[in-house]
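So the structure is just underneath, and the comments pick up after that.
The values are calculated or read from the model by the stated rules, or taken from the named source; none is laboratory data. Everything numeric in this text was worked out from a predicted model, so none of it was measured. Cβ sites come from the backbone with ideal geometry, for glycine too, and all protein chains shown count toward neighbours.
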Amino acid sequence: MKLNNIFSVFFLLFCVLVFQVQAAEEWQEGTRYHAGDIVTYQGKNYEAIQTHTAHVGANWTPSIDPSLWREVADHSPVTTAETDDCGDEGTVNGTGSCTEPEGEKLLTVNFNHLPRGPYQATDFREQWGISPGNASGLSAGRLNIVADPLTPENNVLQVTYKAGLIGGNSAMVFNAPLKNEHKSLWLQYRVMFSPDFNWVKGGKLPGLAGGDHPTGCVDNGTFDGFSTRLMWRENGTVYGYLYYPDKENRCGDYFSTGVHFTKGKWYTLTQHVILNDIGKSNGTFVQYLDGNKILELDNITLRQGSDVSISVIKMDTFFGGSTSDWAPETDQHAYFDDFIVSTSEPQ
Ligand SMILES: [Ca+2]
């Protein structure tokens, strides 16, 4: 091969390489990436799964950190791993492309790439989409990013429940908004109570909500919408704790699940809410613990008006109850991780 021909081949290869690299921004340390951002790294395209900063020296490169990046073939956004294509069921429309994804993850929060210590306001705002000023617990130092007590390389959220206190200003309360209007959603997260946790009489755990996000003690007819939080009660027994337009109790209805939490053990809690059609009592609430169904409520009314959708995660956890005998005598701790909200069952 003549020298000028060899040069031409190398020049062509060089041009192809330059074209590929310029197709998206090159990944760079020190850059803040948002979920959905596309970068190239070592000649491959990657999509950011969650918003994070690629801290200098952390070595969170796209090729080695599957919790932050997934490789993509081109620049098309990918919603979930299960919906990369039209699937076996065939949902191809007349133009030959997929009509819409079967599942969409609205939120994924795993705390893994946050600095350990007090939950930072900027991280909180980016992960939950609200101002820290609208959250109880953050500025008071009750929310901290810590090592998972059982798997130290994992980061989790530690919530401190203050001694002698009950209710919203004793641990954590905020509403994390969910984008778009959904009639059917799944919420999943993991929770662990510290090995020395004192259950006292009980407390709240997060759930979904919509409309007026009813809580507290409210008369039927004065609100529309629902909330589907959980509660632990004496000895760690688990209850569904729901508000809805025709609830029986002014201060919320308890539903026994027949199971109880053990201290010092991680649990995966998954709930599925399907709103009723307007004028019909055909709503559904299903709660799972570690994949096992522990509660199912069918034919319930979760809304009266069509303007009510599933609009927030009620990120509530605190002792209470409305009287001081629900309060712990000393500070208590529980750990949370792997929050997912999606339109299909989380994997
Ligand atoms: Ca984590």
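Would you be able to say whether some residue in the stretch 257-271 is surrounded by fewer than 18 Cβ atoms within 10 Å (Cβ to Cβ), over 20 Å from residue 342 (Cβ atoms), of a type in the set (S, T, N, Q) and over 24 Å from the mean Cα position of the chain (by Cα)?
Checked against the condition, which is being surrounded by fewer than 18 Cβ atoms within 10 Å (Cβ to Cβ), over 20 Å from residue 342 (Cβ atoms), of a type in the set (S, T, N, Q) and over 24 Å from the mean Cα position of the chain (by Cα), the stretch 257-271 yields no hits at all.
Being of a type outside the set (A, V, I, L, M) and on the phi > 0 side of the Ramachandran plot: is that true of residue 298 here? Show your work before the answer.
Values: of a type outside the set (A, V, I, L, M): yes; on the phi > 0 side of the Ramachandran plot: no.
When the stated conditions are applied, residue 298 does not pass them.
Which one is farthest from the ligand (Cβ to nearest atom), of the residues in the stretch 161-180 that are of a type in the set (Gly, Ala, Ser) and modelled with pLDDT of 95 or more? It would help to see each step written out before you state the result.
First pass over the stretch 161-180, keeping only residues of a type in the set (Gly, Ala, Ser): 163-164, 167-168, 170-171, 176.
Pick out the ones that are also modelled with pLDDT of 95 or more and you get 163-164, 167, 170-171, 176.
On the way: 163: 27, 164: 30, 167: 28, 170: 24, 171: 20, 176: 17 Å.
Within the stretch 161-180, the match that is farthest from the ligand (Cβ to nearest atom) is 164.
Could you check the stretch 282-340 and list, in sequence order, the residues that are of a type in the set (Asp, Glu) and touching a strand residue (DSSP E or B) at 6+ places or on another chain (Cβ under 9 Å)?
Correct list: 290, 296, 298, 307, 316, 331, 337, 338.
With respect to residue 322, determine if the residue is polar (S, T, N, Q), outside any strand (DSSP E or B), touching a residue at least 60 places away in the same chain (Cβ under 8 Å) and under 23 Å from residue 50 (Cα atoms).
no
Please work out which residue is surrounded by the most Cβ atoms within 10 Å (Cβ to Cβ), limiting yourself to the stretch 209-221 and to residues that are among the hydrophobic types (A, V, I, L, M, F, W, C) and in a loop (DSSP other than H, G, I, E, B). It would help to see each step written out before you state the result.
Step one: of the stretch 209-221, the residues among the hydrophobic types (A, V, I, L, M, F, W, C) are 209, 217-218.
This time we only want the ones that are in a loop (DSSP other than H, G, I, E, B), so: 217-218.
Details: 217: 10, 218: 15.
Top of the filtered list is 218.
For the stretch 111-160, which positions are of a type in the set (Ser, Thr, Tyr) and within 11 Å of the ligand (Cβ to nearest atom)?
If we filter the stretch 111-160 for residues that are of a type in the set (Ser, Thr, Tyr), which is where we start, we get 119, 122, 131, 136, 139, 151, 160.
Matches in the stretch 111-160: 151 only.
Can you pull out the residues in the stretch 325-346 that are in a loop (DSSP other than H, G, I, E, B) and within 16 Å of the ligand (Cβ to nearest atom)?
The one that is in a loop (DSSP other than H, G, I, E, B) and within 16 Å of the ligand (Cβ to nearest atom): 346.
Let's see how each residue does on (1) under 14 Å from the mean Cα position of the chain (by Cα); (2) at pLDDT 95 or above; (3) surrounded by fewer than 22 Cβ atoms within 10 Å (Cβ to Cβ):
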residue	(1), (2), (3)
273	no, yes, no
281	no, yes, yes
289	no, yes, yes
293	no, yes, yes
298	no, yes, yes
316	yes, yes, no
327	no, yes, no
330	no, yes, yes
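Can you give me the number of residues within the stretch 29-60 that are modelled with pLDDT of 80 or more, small (Gly, Ala, Ser) and farther than 22 Å from residue 125 by Cβ?
1
Do we find a residue being at pLDDT 75 or above, surrounded by 14 or more Cβ atoms within 10 Å (Cβ to Cβ) and under 21 Å from residue 345 (Cβ atoms) anywhere in the stretch 78-101?
No, because not a single residue in the stretch 78-101 is at pLDDT 75 or above, surrounded by 14 or more Cβ atoms within 10 Å (Cβ to Cβ) and under 21 Å from residue 345 (Cβ atoms).
Tell me which residues, restricted to the stretch 281-310, are hydroxyl-bearing (Ser, Thr, Tyr) and more than 21 Å from residue 221 (Cβ to Cβ).
Matches in the stretch 281-310: 284, 288.
Mind telling me which of the residues 160, 215 ends up being touching a Gly at 6+ places or on another chain (Cβ under 9 Å), over 24 Å from residue 251 (Cβ atoms) and polar (S, T, N, Q)?
Details: 215 fails: over 24 Å from residue 251 (Cβ atoms).
Just a single option satisfies the conditions, and that option is 160.
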